[in-house]
Amino acid sequence: MGIRFVLMVNKQGQTRLAQYYEYLTLEERRALEGEIVRKCLARNEQQCSFVEHRNYKVVYRRYASLFFLVGVDNEENELAILEFIHLLVETMDRHFGNVCELDIMFHLEKAHFMLEEMVMNGCIVETSKSNILSPIQLMDKAS
Amino acid sequence: MALSGMRGLSVFISDIRNCQNKEQERLRVDKELGKIRTRFKNEKGLTPYEKKKYVWKMLYIYMLGYDVDFGHMEAVSLISAPKYPEKQVGYIVTSSLLNENHDFLRLAINTVRNDIIGRNETFQCLALTLVGNIGGREFAESLAPDVQKLLISSSCRPLVRKKAALCLLRLYRKNPDVVNVDGWSDRMAQLLDERDLGVLTSSMSLLVALVSNNHEAYWSCLPKCVKILERLARNQDVPQEYTYYGIPSPWLQVKTMRALQYFPTIEDPNTRRSLFEVLQRILMGTDVVKNVNKNNASHAVLFEALALVMHLDAEKEMMSQCVALLGKFIAVREPNIRYLGLENMTRMLMVTDVQDIIKRHQAQIITSLKDPDISIRRRALDLLYGMCDVSNAKDIVEELLQYLSSADFAMREELSLKAAILAEKFAPDLSWYVDVILQLIDKAGDFVSDDIWFRVVQFVTNNEDLQPYAALKAREYLDKPAIHETMVKVSAYILGEYSHLLARRPGCSPKEIFNVIHEKLPTVSTSTIPILLSTYAKILMHTQPPDQELQKQIWAIFSKYESCIDAEIQQRAVEYQALSMKGAALMDVLAEMPKFPERQSSLLRKAEDAEADTAEQSAIKLRAQQQTSSALVLTDQRPANGSPSVSQLGPVKVPNMSNVNQSPAEQELTHANGALTVVDPQPPSTSSPDLLGDLLGPLAIEGPAGTAPQSDPRVASGLEGGANGEALAIAPIEEQNNTVQPIGDIAERFHALCLKDSGVLYEDPYIQIGIKADWRAHHGRVVLFLGNKNTAPLISVQALILPPAHLKMELSLVPETIPPRAQVQCPLEVINLQPSRDLAVLDFSYKFGTHVVNVKLRLPAVLNKFLQPISVSAEEFFPQWRSLSGPPLKLQEVVRGVRPMPLAEMANLFNSLQLMVCPGLDPNTNNLVASTTFYSERTRAMLCLIRIETDPADRTQLRMTIASGDPTLTFELKEFIKEHLISIPIPSRAPAPMPAPMPPQARPTSPPTASLDPGALLAGLL
């Protein structure tokens, strides 16, 4: 099934965006996020970007104060996911211009729209930045 | 319309951000939820803008981890808003907050469908995305044709079609029937001619799912995939937007190569050649570059290419090239590449002929075991475990032991288990094995499970040569200060049995041995004291001539513990005291423990359970499992009586059939074995000519282990003079066809397995099929153990699963040949789709000599395996019970012809069926209330409530009421319970007396069940 979840979490461990592609109860989510964030935040720059947790493999990347964590199963290529995270960040950059944690917090809906254009049902659906952003631009123009 | 446009929301987010602690945050959230709730109550006053704002707040709160149990209706209702901004919010928030089983989602089906078939592209996209993310079965059935139409429509723009592809993937997963293979395979191939890379990317994911289920139907897609790969690799016609750091869509390249790995081979030479050209170019042409992103992307493609090459079984030259590349990777500085190098090398172990090349990198892999990164250490451990064989076991295991003392706690248990398994499997000699295990206990006692020391005791008991050595080692460890309690246990046990073999050595007189062990007694827990008492009794017995002083000392200890509060300790103390007064008779009673029957290493089983492993690694695991233990357990004599299980390491050699304190289960076992001893007075005919062959073949899993090495008496007598399997080949075929009779009653075995999770499913003179199952929610993992009992191979082995419609079952590859005395394990994955009592059947056949045996066996994947007992309080029970009113959710039936049983027995029966009896809920003591949760993919977890009203005057009838949220479930559960009440299949008991024929009107809802029930039909068949 590929991508199971996408999380954005800051250095303090606060969730800034969470999108799941399989159903987990709220308790399961809380527990999972807690465990994974604890594991990933404790790691340093010299360690690899993959953390094995239960049945997931978490591919993560840090940008300033924000961690991007993607949970995948064994159907995914780890490095491809790692670069997919970067593609997501670059796309956000193109839209917000030097994206930061606050942009994502206060424009949660846009972050969701972008992610929704990129991932669907746990699969990558689009990787062209202009295609990803065109619905949002359309909406911005309309308002 | 941005959030910043919604001031209230921005303020709320700022507030949350400014909260100093979690408590403040909770207060702020509660306040906001209260406000939203009030506003939603007077919905009339809400503008779409406000609604939208509140719905976003709900999503935000939900994301923070707070339960939002209202307002779902409002979110769903936004979907039908006419304007885009509201509609969009409705769609996104709905798909984040609700799951596919949510009732409100049904309300939206029509709106969603209208959006999908409507003309507005943006609405189409929104609707397809929602269905793609959370659409359930109902969506699958009603929307699949529309979605397919969009996907292949030429008038549709790519932005809609790419979403349609993934939406269809979702619907297909919910209900595979929505994609008609015949019609769709051509369309799928056409779809791959698409130029737009977005549509191709999502179509490729769809293809992966379709091909993984049925590669034959999609054969025509294979050359298209190769074409796509060529197009990307040559960078032909790839728009700039799809080029990532100069690499044409690495994601599509990776996905395409993944799809190709689902086709077993590539037959067409031209296609194969083109593909290998591309792969060769990727393998050779990927250089390390400075830019991190470019480097990652190109290596993502490279690793996928490596995986594909391995899959395609390329020529040896290309394979060695791959191993060389991986060897380079595991030594680079970049940690990601190191990690992936190790991971892929582990996958590579599955390829034949490359193991030796991989072994050249052993030193580097061992270095990785000390990497600062735990992710990398884990991969290194896995790889070392997988690549270990007789030639390098000593080195690898010693490395693992060395690493153990510095390893992090998170890894120690896995590490010690793996070291123990490797030591057992590949021990060049047994004294080394004993050394390893004792070191393991010494270094990481806390992480050494009981299984590990039980196993070493088994080996020592069964190998006379080993006993003095093990005793000496144990004695040495006892001299160390502060040893682990497990070490006390194992040393005490071994010294109790074998210390007399050391008697002439200095420091090993009975008295000295006793003293050194007794020193530890104050430091150990109650679970160890019984073992020490047994050791004392044994020391006493071995001290000839008796040493009065020692005797007095030990008797004093026994009398001290005669009043111990722990029953086990007390009983042993009393019994040993009494026995040791008997003088010479003690020698007989406390004689050396008999040899253990051969059995599968419980460690291996544990390793399987412990590893929450992934699909790809499972193949490696399988390979590991198929190698049987090379550490030989010598059993040159049959176990003297009912197999003493390791967990009950009692010191008393129990005289046959005369023990009184065995548990009923054990007695049953002894009984069974005793009975067999009567009909088979000779040692098994195969043991004498082929001693070695006898040592292998851990046949039995649990329970009747003692019966495993024995042949069926009829066959044994037929073999007289012939003594081994080859003799069979000479005998005329006609005669033999009738000789293969199952051992034991198949139906009884099946019924027993319905209530427990491991045991023997089938046995005949040649093979034993055991089962071990692990059920979690609607998933089941069943392992079939196929054990060849002979010294000749079983060939043409075939196992076919005939699953009923409600179970999805996948059996891993069953080898065609089972080597002599070997046991293979075949995992079987089960997914329960919906409630049903239908049964799955294993169609199993094999050939032995000229015998062709074919049996159809019912598999115990029955309804109660998907139940999980749950206790329900009165406050939870009654509202549920009331809310489920009347048929079809609540069904009632008067059942006659029930096997009469006291209420307590019925309660036990219910509990054994995973229906938890909740005492006290029903004030009438003649009644019984039970609850359970049923799991299936369709129903998810669903609570079921059961009430039985019995009539104390007539125990053969009762009234049964079953309620659950699903009509089929209610019905199936009712019938299921009824089957068990009317005739309870308990093994080893005479069949229940058939109740008097019941009047037809007594079972109005299900008159023909008995004859329609496939289980019953099958039972007739068997």
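The values are calculated or read from the model by the stated rules, or taken from the named source; none is laboratory data. Given the structure is predicted, the values throughout are model-derived calculations rather than measurements. In this analysis, Cβ positions are derived from the backbone assuming ideal geometry, glycine residues included, and neighbour counts consider all displayed protein chains. Protein only, heavy atoms only, side chains kept; ligands, DNA and RNA dropped before computing areas. Shrake-Rupley method; radii C 1.70, N 1.55, O 1.52, S 1.80 Å.
Measuring nothing but protein heavy atoms, the accessible surface of the stretch B:103-179 at 1.4 Å probe radius is 48 percent carbon and sulfur. Principal axis extents of the Cα atoms in chain A, from largest to smallest and rounded to whole angstrom, are 44, 31, 30. On chain A, 48 percent of the accessible area sits on carbon and sulfur atoms, based on a 1.4 Å probe. Rounded to the nearest 0.05, what FRET efficiency do B:Thr850 and B:Leu800 give with R0 = 22 Å and r taken as the Cβ-Cβ distance? Could you check? Rounded to the nearest 0.05, the efficiency is 0.50. Note on B:Gln880 and B:His215: with the Förster distance fixed at 45 Å, the Cβ-Cβ geometry gives a FRET efficiency of about 0.45. Using alpha carbons only, how many angstrom separate the centre of the stretch B:813-892 from the centre of the stretch B:412-433? Taking the Cα centre of each part, the stretch B:813-892 and the stretch B:412-433 sit 35 Å apart. Ranking B:Leu903, B:His980, B:Pro869 by how far each Cα lies toward the positive end of the dipole of the stretch B:867-982 (charges on Cβ) leaves B:His980 at the top.
Here the Karplus relation 6.51 cos²θ - 1.76 cosθ + 1.60, evaluated at θ = phi - 60°, turns the backbone of the stretch B:93-98 into coupling constants of 5, 4, 6, 8, 8, 9 Hz, with x for every Gly and Pro.
Pairs of C-alpha atoms in the stretch B:103-179 farther apart than 14 Å represent 52 percent of all such pairs. Residue separation of B:His779 and B:Gln261 scaled by 0.36 nm, minus their Cα-Cα distance, works out to 183.9 nm of gained length. A 1.4 Å probe run over the stretch B:795-845, with the rest of the protein chains in place, finds 40 Å² accessible per residue.
Projecting the Cα positions of B:Asn114, B:Leu130, B:Asn99 onto the charge dipole of the stretch B:77-153 (unit charges on Cβ atoms of Lys, Arg, Asp and Glu, taken about the Cα centre) puts B:Asn114 furthest along the positive direction. B:His518 exposes around 60 Å² of accessible area when a 1.4 Å probe is run over every protein chain in place. Scalar couplings 3J(HN,Hα) for the stretch B:482-490, obtained by applying the Karplus form with A = 6.51, B = -1.76, C = 1.60 to θ = phi - 60°, are 6, 9, 5, 4, 4, 5, 4, 4, 5 Hz; x denotes Gly and Pro. Running Debye on the stretch B:401-549 with equal point scatterers at the Cα sites and no solvent, what base-10 log of I(q)/I(0) appears at q = 0.16, 0.18, 0.19 Å⁻¹? Ignoring solvent entirely, the Cα scatterers give -0.84, -1.04, -1.14. Loop-resident trypsin sites (Lys or Arg not before Pro) (DSSP state other than H, G, I, E or B) in the stretch B:250-297 with no more than 12 further Cβ atoms inside 10 Å of their Cβ: B:Lys290. Tell me, what is the Rg over Rh of the stretch B:360-481, with Rh the Kirkwood radius over Cα pairs? Reported Rg/Rh (Cα atoms, Kirkwood Rh): 0.98.
Using alpha carbons only, the radius of gyration of the stretch B:136-220 set against its Kirkwood radius gives Rg/Rh = 0.93. Each of the peptides A:31-40, B:92-101 was scored by the mean count of other Cβ atoms within 10 Å over its residues; in descending order, highest first, they stand as B:92-101, A:31-40. The Rg/Rh ratio of the stretch B:1-97, with Rg taken over Cα atoms and Rh as the Kirkwood radius over Cα pairs, comes to 0.95.
In this structure the stretch B:867-982 gives 41 Å² per residue of accessible area when probed at 1.4 Å with all protein chains present.
Normalising the average separation of contacting C-alpha pairs (under 8 angstrom, six or more residues apart) by the number of residues puts the relative contact order of the stretch B:1-97 at 23 percent. Peptide B:207-217 shows a mean partner chain C-beta count of 1 within 10 Å per residue C-beta. Once backbone amide H atoms are built at 1.01 Å from N, A:Leu17 has A:Met8 as its partners under 5 Å, excluding neighbours fewer than 5 places away on the same chain.
Rounded to the nearest whole Hz, the Karplus-based 3J(HN,Hα) values (6.51 cos²θ - 1.76 cosθ + 1.60, θ = phi - 60°) of the stretch B:113-127 follow the sequence 5, 4, 5, 5, 8, x, 8, 7, 4, 5, 5, 4, 4, 4, 5, with x at glycine and proline. Extension gain, B:Asn515 to B:Lys808, is 99.4 nm, computed as 0.36 nm per intervening residue step minus the present C-alpha separation.
A simple spin-label model places pseudo-atoms 7 Å from Cα toward Cβ; at A:Gln12 and B:Ala503 they are separated by 7.6 nm. Temperature 10 °C, viscosity 1.306 mPa s: under these conditions the Stokes-Einstein estimate for the stretch B:511-603, based on its Kirkwood radius over C-alpha pairs, is 112 µm² per second. Dipole orientation for the stretch B:1-97: of the candidates B:Gly71, B:Tyr49, B:Tyr60, B:Tyr49 has the Cα lying most toward the positive pole (charges on Cβ; Lys, Arg +1; Asp, Glu -1). Here the dipole of the stretch B:867-982 is about 120 debye; that uses its Cα centre as origin and unit charges on the Cβ of Lys and Arg (positive) and Asp and Glu (negative). Rounded to the nearest percent, how much of the accessible area of the stretch B:1-97 (1.4 Å probe, protein heavy atoms only) is carbon and sulfur? About 51 percent, which is the carbon plus sulfur part of the accessible surface. Students often get this wrong, so check it: of A:Lys141/B:Lys87; B:Lys489/B:Lys520; B:Lys224/B:Lys316; B:Lys473/B:Lys595; B:Lys808/B:Lys978; B:Lys480/B:Lys552, which have C-alpha atoms separated by over 19 Å? From A:Lys141/B:Lys87; B:Lys489/B:Lys520; B:Lys224/B:Lys316; B:Lys473/B:Lys595; B:Lys808/B:Lys978; B:Lys480/B:Lys552, over 19 Å: B:Lys224/B:Lys316; B:Lys473/B:Lys595; B:Lys808/B:Lys978; B:Lys480/B:Lys552. In this assembly, the B-A interface accounts for approximately 6200 Å² of buried accessible surface in total, computed with a 1.4 Å probe and without ligands, DNA or RNA. Of the Cα atoms belonging to the stretch B:33-173, the radius of gyration and Dmax stand at 15.4, 50 Å.
From the P(r) of the stretch B:745-799, could you give the percentage of C-alpha pairs in the tail past 19 Å? In whole percent, the long-distance tail amounts to 35. Please work out the FRET efficiency for the pair B:Gln868 and B:Asp69, using the Cβ-Cβ distance as r and a Förster radius of 30 Å; give the result to the nearest 0.05. The formula returns an efficiency of 0.80 here. For the modelled label position 7 Å from the Cα of B:Lys31 along Cα-to-Cβ, which residues of the stretch B:64-100 have backbone nitrogen atoms closer than 11 Å? Zone members listed by number: none at all. Amide H to amide H distances under 5 Å link A:Arg4 with A:Gly71, A:Val72, A:Asp73, where only residues 5 or more positions off or on other chains count and H is placed in the peptide plane.
When +1 charges are put on Lys and Arg Cβ atoms and -1 charges on Asp and Glu Cβ atoms, the dipole computed for the stretch A:3-142 relative to its Cα centre reaches about 400 debye.
Scanning residues 5 or more positions from B:Leu761 or on other chains, those with amide H under 5 Å from its amide H are B:Ile769, B:Gly770, B:Ile771, with H placed 1.01 Å from N in the peptide plane.
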